[in-house]
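Participant: Before anything else, here's the structure in question.
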Amino acid sequence: MADDEGGFLLAVESQSKPDTDKRNSWTYCLAHMYAKYGLPPVLVVLCRDKAMASWAAEPIRVGRPFHTSMLVFPLVLGPGNLSVITDPDEVAEDVPLAVFSAFAHAKDPGLPAILEALAEVLAGQDEGSDDWVEFVEIGLGDGPARDLWRQLMAVYTPKFPDSIVAEYWNKGRANERADAILRLLDRRGIEVSDAVRERVKDCTDLDVLSVWFDRSLAVASAEELFVEE
């Protein structure tokens with residue numbers, strides 16, 4: 001990439017939880033890029049919550065107290081410094097910024113509106129849109145957000161149906177509740193078969209999952225979750 005001062009290298013990393021080893025790898029990666037290509041590297045770390053962004057923004061110091069041999073300043077993007085972009089005109093002015101906005105606010109209830117604006121703009125572009133569509137899909141990771149994006153790009157309509165928004169959030173809540181049930185059983189030392197795990201993960205009925213969660217507090221076996229059904 002290039003700016004008014006000349007070329008530079010851009011490394012983009014998504015970080016969801018603190019990881020000391022990752023900070024070490026960032027330092028190595030930047031030093032390697034600079035040594036190999038002779039261009040100044042810029043590390044962009046994308047975070048989805050303010051606490052994670054604060055951790056990632058801490059300077060990385062390499063050396064001893066009497067001398068710092070290397071100092072790395074990650075450029076952190078997150079919900080604290082990226083605004084929510086839901087206006088298609090704003091998206092069209094700066095698609096990369098809008099994409100990063102979607103990533104940074106992936107946990108925000110307003111994500112469907114962000115993705116709708118992106119979809120409207122990318123669906124109307126003749127060139128270069130396919131790369132951004134794929135980039136967004138990869139960046140959203142596994143889960144309901146990616147499913148929503150695929151559905152938007154498959155059949156895009158200017159007005160986003162409320163039913164799809166509701167389905168998206170209900171699916172996300174169901175996934176979280178299913179994970180909580182399985183984690184609780186694991187913490188209690190209850191063995192969970194593949195069949196039970198699959199049944200819990202596949203359930204999208206929040207009321208049923210609530211019953212299973214209450215039962216997971218006391219059952220002696222995972223199969224007892226489904227009694228009287």
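Participant: For region 80-138, which residues satisfy the criterion of being buried (at least 17 other Cβ atoms within 10 Å of the Cβ), free of Cβ contacts under 8 Å to residues at least 24 places away in the same chain and under 21 Å from LYS50 (Cα atoms)?
Facilitator: LEU82, ALA98, SER101
Participant: Among the residues in region 159-177, are any among the β-branched types (Val, Ile, Thr) and modelled with pLDDT of 80 or more?
Facilitator: no
Participant: One residue is enough: does region 218-227 have a residue meeting the conditions among the aromatic types (Phe, Trp, Tyr) and closer than 29 Å to ALA145 by Cβ?
Facilitator: Looking for residues that are among the aromatic types (Phe, Trp, Tyr) and closer than 29 Å to ALA145 by Cβ, one finds none in region 218-227, hence no.
Participant: Moving on. Taking the conditions exactly as written (closer than 30 Å to ALA113 by Cα, surrounded by 12 or more Cβ atoms within 10 Å (Cβ to Cβ) and among the acidic types (Asp, Glu)), does ASP19 satisfy them or not?
Facilitator: Judged against the criteria, ASP19 is not a match.
Participant: Please state which of the following conditions TRP26 fails to meet, knowing it meets all the rest: (1) closer than 30 Å to LEU115 by Cβ; (2) among the hydrophobic types (A, V, I, L, M, F, W, C); (3) assigned to a helix (DSSP H, G or I); (4) open to solvent by 30 Å² or more (accessible area, probe 1.4 Å).
Facilitator: Just one mismatch for TRP26, condition (4).
Participant: Checking LEU206 against (1) at pLDDT 85 or above; (2) over 30 Å from LEU97 (Cβ atoms), which single condition isn't satisfied?
Facilitator: Result: LEU206 passes all but (1).
Participant: Can you tell me which residues in region 176-213 are surrounded by 13 or more Cβ atoms within 10 Å (Cβ to Cβ), out of contact with any helix residue (DSSP H, G or I) (no Cβ under 7 Å at 6 or more places or on another chain) and not charged (D, E, K, R)?
Facilitator: VAL208, VAL211
Participant: Here's a check for you: in region 54-79, which residue that is outside any loop (DSSP other than H, G, I, E, B) and in contact with a Pro (Cβ under 7 Å, 6 or more places away or on another chain) is most open to solvent (accessible area, probe 1.4 Å)?
Facilitator: Among those residues, the one meeting the criterion is LEU71.
The values are calculated or read from the model by the stated rules, or taken from the named source; none is laboratory data. What you see is a predicted model, and the numbers here were worked out from it, not measured in a lab. Using ideal geometry, Cβ is built from the backbone for each residue, glycine included, and neighbour counts are taken over all protein chains shown. These area figures cover heavy atoms from the full protein model, side chains too; ligands, DNA and RNA do not enter into them. Shrake-Rupley method; radii C 1.70, N 1.55, O 1.52, S 1.80 Å.
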